[in-house]
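Engineer: Have a look at this one.
The values are calculated or read from the model by the stated rules, or taken from the named source; none is laboratory data. Owing to the predicted nature of the structure, the values given are computational and were not obtained by experimental measurement. Cβ placement follows ideal geometry from the backbone for every residue including glycine, while neighbour counts extend to all protein chains displayed. These area figures cover heavy atoms from the full protein model, side chains too; ligands, DNA and RNA do not enter into them. Shrake-Rupley method; radii C 1.70, N 1.55, O 1.52, S 1.80 Å.
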Amino acid sequence: MATKELKRKLAAIFSADVKGYSRLMGSDENSTVLTLTTYRKEISSLVNKHRGRVVDSPGDNLLAEFASVVDAVQCAVKVQEKLKSKNKGLPENRRMEFRIGINLGDVIEKRKRIYGDGINVAARIEGLAEAGGISISGTAYDQVKNKLDLGFGYMGEQTVKNIAEPVRVYKVLMQPGAVTPMLPRQKLEVLLYAAASLGILYFFYFKYLRYLVADSKSLALLPISSLSLINVHPAVSITVGVLFMALILLLIKFKKRAPQFFFKTLKGGFGFCAGFFLFYLPAAHLPFDTGAGLKGTVYQSENLFVEVVENNVTICKEPNSDSRVLRKVNKGNLLLLADVSRKGPLTWNKVLLGKKEYGWILRVVPPKFGVPEKRLTITYKFNFRYTDMCALLIGLLGFIWGFIKFRIRTV
């Protein structure tokens with residue numbers, strides 16, 4: 001019969017006691033008992049409001065249980081805030097400050113009383129809390145780390161009395177501007193995620209986006225230089241990259257509350273980068289057949305593009321070598337083809353430079369005096385293939401994985 005009265009369950013255990021209780025009693029017993037009675041009523045009321053149950057309250061201690069660790073921690077924060085406001089009306093030497101410890105553990109329930117190591121752990125880590133503070137075990141922290149707008153400071157693995165194994169302990173940071181510092185290793189990981197995200201954005205711009213922009217019918221009407229729009233200068237890319245990485249460093253070091261969504265997005269970018277290239281590189285570049293279907297074209301640009309393949313190539317006002325030079329371009333620059341003109345052995349491409357502004361660029365320098373011909377530009381259409389589409393879809397799955405998996409690991 002006795003065993004039927006025993007019930008095992010998982011519970012969030014809330015243990016609180018008064019810091020310096022003996023000193024307070026030695027100074028003024030009556031006042032201490034009256035204050036303790038008042039404060040205990042406040043705590044019990046808040047426990048009930050947070051769906052908890054007060055189990056026992058011997059001496060200056062109070063033991064409560066909650067079905068949810070989130071409720072237990074929220075209750076503990078409210079308790080400390082409430083008692084702090086009440087203590088302001090007392091002389092400093094008469095202030096009664098509670099320490100609170102919270103643990104998630106297996107307990108035995110018998111006739112509304114609870115027993116077990118889980119309670120002992122809560123009591124021991126309560127003793128590690130500061131006056132007016134809250135300490136929680138590692139098992140409790142794992143349940144609340146991403147669910148509450150609170151900071152947590154890692155106190156290390158603590159060896160406590162009568163508990164066989166060390167206990168991970170975290171301090172709850174309640175004060176305004178509390179910082180949730182990351183593990184140094186995770187800071188490096190975040191920088192890696194940022195670099196991967198930035199890299200994939202650059203890749204997408206040069207591989208896909210600039211072709212889509214250049215293929216737009218309204219490109220010739222834009223009030224900015226189309227040449228600058230679809231050919232970002234290396235200095236601009238480097239500057240943006242440096243500023244972006246500096247922003248990440250500032251967020252890691254100085255942000256009052258680590259922007260969880262932003263960091264999750266960065267890891268999502270890392271996951272996208274990994275998923276995309278794990279498929280794209282073998283499918284597009286390794287010398288084996290990925291199937292005719294993957295080589296098929298999903299989208300082809302309406303216009304032809306001219307890509308410069310040499311440095312310091314001139315763009316002239318007219319299709320003539322003696323014509324006025326409008327500008328010079330380097331290898332890798334992309335231009336939108338508008339027309340073609342053949343002048344004897346020379347072929348000139350008419351290209352868009354800006355709003356209704358065009359110039360002429362030579363396609364090939366013919367051979368002369370024993371010097372072989374030199375190709376200055378190549379002309380082609382942009383093709384978005386099934387290989388690209390599949391890589392994007394796999395990258396998207398990688399982004400979802402990274403976004404969901406990211407968790408801030410605190411010091």
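Engineer: Filter the cross-link list LYS295/LYS355; LYS78/LYS112; LYS41/LYS171; LYS317/LYS374; LYS49/LYS147 down to pairs whose alpha-carbon distance in this structure exceeds 28 Å.
Structural biologist: On the way: LYS295/LYS355 36 Å; LYS78/LYS112 25 Å; LYS41/LYS171 25 Å; LYS317/LYS374 21 Å; LYS49/LYS147 19 Å.
Result: LYS295/LYS355 exceed 28 Å.
Engineer: Using packing as a proxy for protection, rank 99-110, 262-273 so that the peptide with the highest average count of other Cβ atoms within 10 Å comes first.
Structural biologist: Details: 99-110: 21.1, 262-273: 22.7.
Highest mean packing first, the order is 262-273, 99-110.
Engineer: On a straight-distance basis, which aspartates and glutamates could pair with LYS267 in a cross-link, Cα separation under 15 angstrom, same-chain partners fewer than 8 positions away excluded?
Structural biologist: GLU189
Engineer: Dipole size in debye (nearest 20) for segment 324-411 around its Cα centre, Lys and Arg Cβ +1, Asp and Glu Cβ -1?
Structural biologist: Details: 18 positive and 4 negative charges, 60 e Å.
It works out to roughly 280 debye.
Engineer: Can I ask one more? Between helix 184-204 and the chain, what is the angle of the helix's C-alpha long axis to the longest principal axis, kept within 0 to 90° and rounded to the nearest 10?
Structural biologist: The answer is roughly 30 degrees.
Engineer: So, one more: Using a 1.4 Å probe on the protein heavy atoms, what percent of the accessible area of segment 1-121 belongs to carbon and sulfur? Walk me through the numbers before you get to the answer.
Structural biologist: On the way: 3210 of 6540 Å².
For segment 1-121, the apolar C and S fraction of the accessible surface comes to 49 percent.
Engineer: Return the aspartates and glutamates within reach of LYS350: Cα separation strictly under 19 angstrom, same-chain partners fewer than 8 residues apart disregarded; answer none if there are no such residues.
Structural biologist: ASP215, GLU302, GLU307, GLU310, GLU318, ASP322, ASP339
Engineer: Let me ask something additional. Exceeding 32 Å between C-alpha atoms, which entries from my cross-link table qualify? They are LYS9/LYS88; LYS84/LYS264; LYS7/LYS264; LYS161/LYS264; LYS207/LYS264.
Structural biologist: Numbers: LYS9/LYS88 39 Å; LYS84/LYS264 35 Å; LYS7/LYS264 41 Å; LYS161/LYS264 39 Å; LYS207/LYS264 25 Å.
Where the Cα-Cα span goes over 32 Å, the pairs concerned are LYS9/LYS88; LYS84/LYS264; LYS7/LYS264; LYS161/LYS264.
Engineer: Which order do the peptides 68-76, 51-59 take when ranked by the mean count of other beta-carbon atoms within 10 Å per residue, highest first?
Structural biologist: On the way: 68-76: 23.3, 51-59: 14.6.
Taking the mean over residues of other Cβ atoms within 10 Å, the ranking is 68-76, 51-59.
Engineer: How much of the accessible area of segment 294-411, in percent, comes from carbon and sulfur atoms when a 1.4 Å probe is used?
Structural biologist: Numbers: 3680 of 6810 Å².
Ligands and nucleic acids excluded, carbon and sulfur give 54 percent.
Engineer: Additional query: Helix 234-254 versus the longest principal axis of the chain: what angle, 0 to 90°, nearest 10, using Cα atoms?
Structural biologist: 0 degrees
Engineer: Nothing charged except the Cβ atoms of Lys and Arg (+1) and of Asp and Glu (-1): what's the magnitude of the dipole of segment 1-83 about its Cα centre? Round to the nearest 20 debye.
Structural biologist: Details: 13 positive and 10 negative charges, 89 e Å.
In debye, rounded to 20, segment 1-83 gives about 420.
Engineer: Arrange the peptides 13-20, 318-325 so that the one whose residues have, on average, the most other Cβ atoms within 10 Å appears first.
Structural biologist: 13-20, 318-325
Engineer: Also: Bin width 10 Å, origin at 0, all Cα-Cα pairs of the chain: what percent of pairs per bin?
Structural biologist: The distribution over the chain is 4, 16, 18, 15, 12, 10, 9, 8, 5, 2, 1, 0, given as percents.
Engineer: Please report, in debye to the nearest 20, how large the charge dipole of the chain is about its Cα centre when each Lys and Arg carries +1 at its beta carbon and each Asp and Glu carries -1 there. Intermediate results must be reported in sequence, preceding the final value.
Structural biologist: Values: 60 positive and 33 negative charges, 105 e Å.
So the dipole magnitude of the chain works out to roughly 500 debye.
Engineer: Counting Lys +1, Arg +1, Asp -1, Glu -1, what net charge surrounds PHE276 among other residues with beta carbon under 13 Å of its beta carbon? Can you show the working numbers first?
Structural biologist: Details: positive: LYS207; negative: ASP388.
Neighbour charge sum, excluding PHE276 itself: 0.
Engineer: Could you point to the residue in ILE163, PHE14, ASN120 farthest towards the positive end of the chain's charge dipole, with +1 and -1 charges on the Cβ of Lys/Arg and Asp/Glu respectively?
Structural biologist: With unit charges placed on the Cβ atoms, the residue in question is PHE14.
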